[in-house]
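A short write-up of the structure that comes next.
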Amino acid sequence: MFKLDRKLIITASTAAAVALFTLGCGGSTGTTESKKASKISIDGGVSYPVVNDKTGPYYVNPQVAQDAPKIYNGRVPTANELKAWNKDIMPDGTGLPEGSGSVEDGEEIYDAKCVMCHGDFGSGGGGYPALSKGNAYDLQKTLTNNRWKDPDADGPTREFGSYWPQASTLFWYIKDGMPHPFSKSLSDDEVYALVAYVLNINEMEIDGVEVDDEYVLDREKFLKIKMPNRNGFEPNIDGPNALPGVRAYYANAKNFGAQNLNQGAVRCMKDCQKASVKTKRINGGITGFLPPMSDVRDLPAVKEVKVDPKEVYKNACAMCHDSYLAPGSDEWAGYVAEGMDTVYAKAIKGTQGGMPAKGGTSLSDANFKTVVDYITTGKVK
Amino acid sequence: MNNKESQKVLDRRDFFKKTAALSVTAIAGTSLVSSNARADDPAIMNNVPWGQKWGDPVTANRYGVPSKYEHNVLRRNTKLLASGNFRASIAVAPIQESMGIITPNGLFFSRSHGGVAHVDPHEYRLMIHGLVEKPIVLTLEQLKRYPSVTRTHFIECPANGGQEWRGPQFNSIQFAKGFMSCAEWTGVYLKTILADLGLKPEAQWMLAEGSDNSEMGRTIPIDKVLDDAMIVWGQNGEALRPEQGYPVRILLPGWEGNLCVKWLKRLEFSTEPWYCKEETSKYTDLKPTGKAIQHFYANEVNSTVTSPSPEIDWTHLKDGDIVEIEGLAWSGMGTIKGVDLSFDGGKNYVEAKLKGLVLPKSWTRWSYIHTYKKGDVLQLTSRAMDDAGYIQPTIDQEVSVMGVEAVYHRNAVETWEVNAKGEVNHVQIRS
């Protein structure tokens, strides 16, 4: 029953979405439909349709929906602009350039540009991921390893060869994002060579042929790569019926380890635990926090930065001192005669005569003394 | 002292006892320790330095900064998550210090895959193309001319808590749950821009691609694009910070932070998904069946106690003190409906109280007033529910389906143990 309702709702949702863009937002067609439709979202959660000019707790301006189909604030991209930016590479080969590269060349490029982060033969290290842990077909079988009951067992190996569903991802990412500090610097042939090398260290084959040290990869061969874990993912996202499948997957909390009160889960308030549960404490754990953890409210250690006394004078002192006791003025003679320590002390603590402590600045004593030196002599030491 | 007495208006003797105790805690290390419980408080009796001289002129700090005393309230890293010399890495938010439901921009957690890009707003362009009748290129000024909306939403890295599938690892709330933050975002609904571009009916997926060093991209289903997906340029009333994708990022309310592509440059519509690096090699949840969940969009209903925490514990409390247990609850699948709190690690629960604004796909504050009994050992476990019907699973419930190798989307209940001294430790209650 529930399933049937849901199917209808999803159909209505798609219809409403299409209606929005063919009829525009102004039409009242489908309003009731969309109110119902938007209650369930593709992710298994709820969404908040606009009802009485509100979505959830937020007001919306109804003029926007009315006039949105008339707003076009930009311009159409040129053919060259599209070509320059539309460089993604899809599993079916869309965007994959012509070119070729050998395992041998790949290894040379790898040793020059990649090994310092990805390690010898892609073994990882340096904080960067491994590219291979060995034979892709064997390691794909480790994906059912789960250290759930035996913490010391081997975990699953999720490297390129054993885990990734598509080879196009590797080509695309190397082309766009590698080498990490100098991305988008490799030619198509260099990328082919690196991909060939990565296939080689994962001990993979293409169309029944081992990618050995002599192998030369090109576009045609690339499109024949079958990843060992191609069918290792759920829900299905390929083909024209992908979205209904994704919606159905997340409509069932059991698929993704969730508990839903509308699907039989219980909100237990008393005596909720099995006798088998224990308190598991941190054993070692992850530390090395930067900066070290602290909630202390003290004054931070301050590094003394020298100030330019003239700059300080201009900003903090000039408005009063320009007219009396200006920098280097003869008027200073009487004060300086009392000794500079006295002048410093008065300047730092302030005086009843109207001098604010440190002129109202928050400079250190040492820094402020250089300002006093400037005002009393007119010179910067 | 019994409860009734403790709730009376404090007499003078009590006041000074408390003041003395607090002063000692607050400025331990100074010579203020006084054996005389009736001593007058120097903080009241003496003139304070900032009360007798000029403060800063209003011309200081043209862009304000926190008090220098707050210098320990910081985003933090661990050496373990330092990939790419901290360029493919994360800095986590100090949620133990967080107030309300808004994270200040300077403390918002930061995750990048090729470092934080600094985009020149004059050179910024957004291209939307593929299965649309009229493709478009927008400058920043043109984009911001679309009618805007402002929404409060959390963004959470789905690996929040992902290091702890096999057992507790972080004795810290900042690291155990701080891979998230919440802000008020300003931008335009994607559906508003698309209303004119004429989305073709066969379009099922949208690629969102960043302009940063890693050209980070993700595939987004059309359902979200036409629902509440936003292109945002404002964060808590100012421009996005570079760490959040200045000048423009995608915001998919409630969904994986990784899907909310930063430094956004391109949106393309297609019939087939793209299989980007971050939706295949990573951000997929391997189950014990050997199958991995791909396109796992929403961050599920979740909650944690944030006070007390290992960072700010209860060692300073006295027997009988009344204290507020506080926490956060959030769901990427809807609005928080309620939070239950357990004092015995999830065996028995009471209802906690929600506080303040309760908004969809937003942090929600909850609290519970507790009378502290010195020496008690408590295991504080919170459990949230949302309006889609989801309730946080126990660790055993979640692990029974997901195993312990999934990395992402761990939302089982968290437990914080208060020991007899009032110290707080992160534990897990599980079979």
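The values are calculated or read from the model by the stated rules, or taken from the named source; none is laboratory data. Here the structure is a predicted model, which is why all the values come from computation and not from measurement. Cβ placement follows ideal geometry from the backbone for every residue including glycine, while neighbour counts extend to all protein chains displayed. Keep in mind that these areas ignore ligands, DNA and RNA; they rest on the heavy atoms of the full protein, side chains included. Shrake-Rupley method; radii C 1.70, N 1.55, O 1.52, S 1.80 Å.
Backbone geometry of segment B:212-228 corresponds, through the Karplus equation with coefficients 6.51, -1.76 and 1.60 at θ = phi - 60°, to 3J(HN,Hα) couplings of 6, 3, 8, 6, 4, x, 8, 9, 10, x, 4, 3, 6, 4, 8, 9, 10 Hz, x marking Gly and Pro.
Per residue of B:332-342, count partner chain C-beta atoms within 10 Å of its C-beta, then hand back the mean as an integer. Could the numbers behind the result be given before it?
Working: counts 3, 9, 8, 5, 0, 1, 1, 0, 4, 0, 3.
The shielding value for this peptide is 3.
Angle check, please: helix A:2-22 long axis (alpha carbons) against the longest principal axis of chain A (alpha carbons), in degrees 0 to 90, nearest 10. In chain A, helix A:2-22 runs at an angle near 60 degrees to the longest axis.
Ellipsoid fit via the Cα gyration tensor, segment A:48-128: semi-axes of 49, 23, 11 Å, each the root of five times an eigenvalue, largest first. Computed from backbone phi, the HN-Hα couplings of segment B:360-375 come to x, 6, 9, 4, 10, 8, 9, 7, 8, 8, 10, 9, 6, 10, 4, x Hz, rounded to whole numbers (Karplus: 6.51 cos²θ - 1.76 cosθ + 1.60, θ = phi - 60°; Gly and Pro given as x). When the Cα positions of A:Asn229, A:Gln63, B:Phe179 are compared along the charge dipole of the protein assembly as shown, A:Gln63 comes out farthest toward the positive end, with charges on each C-beta of Lys, Arg, Asp and Glu. Among the trypsin sites (Lys or Arg not before Pro) found in segment B:41-113, those both in a DSSP coil and sparsely packed, with 16 or fewer other Cβ atoms within 10 Å of their Cβ, are B:Lys53, B:Arg62. Pairs from the table (B:Lys177/B:Lys374; B:Lys68/B:Lys374; B:Lys144/B:Lys177; A:Lys278/B:Lys374; B:Lys191/B:Lys277) lying more than 32 angstrom apart at Cα are B:Lys68/B:Lys374; B:Lys144/B:Lys177. If the Kirkwood radius is taken over C-alpha pairs of segment B:213-264, then at 25 °C and 0.890 mPa s the Stokes-Einstein diffusion coefficient equals 216 µm²/s. With the biggest extent put first, the Cα atoms of segment A:187-252 measure 49, 24, 16 Å across the principal axes. Heavy-atom accessible surface of segment B:302-427, averaged per residue, reaches 29 Å², computed with a 1.4 Å probe.
Summarise the partner chain shielding of A:62-72 as one whole number: the mean count of Cβ atoms from other chains within 10 Å of each residue's Cβ.
Counting Cβ atoms of other protein chains within 10 Å of each residue's Cβ and averaging gives 5.
A Gaussian network model of chain B, with springs between Cα atoms under 10 Å, assigns the largest mean-square fluctuation among B:Ile250, B:Ile101, B:Ile222 to B:Ile222. Annotation: amide H-H contacts under 5 Å for B:Thr103 (H modelled 1.01 Å from N, sequence separation of 5 or more, or interchain): B:Cys182, B:Ala183.
If we count every other residue with Cβ under 11 angstrom of A:Glu81's Cβ, Lys/Arg +1 and Asp/Glu -1, where does the sum land?
On the way: positive: A:Arg75, A:Lys83, B:Arg125, B:Arg266; negative: none.
Net charge around A:Glu81: +4.
Computed over chain B, the percent of Cα pairs more than 39 Å apart is 29. The equivalent ellipsoid of segment B:105-293 has semi-axes of 28, 21, 14 Å, largest first, where each one is the square root of 5 times an eigenvalue of the Cα gyration tensor.
Every Cα-Cα pair in chain A was counted, and those over 26 Å apart are 75% of them. With a 1.4 angstrom probe, the accessible area lost at the A-B interface totals about 11800 Å².
Assigning unit charges at the beta carbon (Lys, Arg +1; Asp, Glu -1) and nothing else, what dipole magnitude in debye, to the nearest 20, does the protein assembly as shown show about its Cα centre? Mind dumping the intermediate values first?
Working: 91 positive and 98 negative charges, 606 e Å.
Approximately 2920 debye in magnitude.
Compared with the rule-of-thumb size 2.2 N^0.38 Å for a compact globular protein, segment B:302-427 has a Cα radius of gyration ratio of 1.07. Taking the charge dipole of segment A:71-179 about its Cα centre, with +1 at Lys and Arg Cβ atoms and -1 at Asp and Glu Cβ atoms, the residue from A:Ala167, A:Tyr137, A:Tyr72 reaching farthest to the positive side is A:Tyr72. Could you run the Debye sum over the Cα atoms of segment A:83-222, one equal point scatterer each and no solvent, and tell me log10 of I(q)/I(0) at q = 0.14, 0.16, 0.19 Å⁻¹, two decimals? Computed log10 I(q)/I(0) values: -0.65, -0.84, -1.14.
Ranked from highest to lowest mean number of other Cβ atoms within 10 Å per residue, what is the order of the peptides B:290-297, B:366-373, A:268-275, A:288-295? It would help to have the intermediate numbers written out before the result.
On the way: B:290-297: 22.1, B:366-373: 16.6, A:268-275: 12.0, A:288-295: 13.5.
Final packing ranking: B:290-297, B:366-373, A:288-295, A:268-275.
A convex hull fitted to the Cα coordinates of the protein assembly as shown yields 215 cubic angstrom per residue.
Give me the net charge of B:Arg87's neighbourhood, meaning all other residues with Cβ under 13 Å from the Cβ of B:Arg87; Lys, Arg count +1, Asp, Glu -1. The partial results should precede the final answer.
Values: positive: B:Arg111; negative: B:Asp212, B:Glu243.
Here the count lands on -1.
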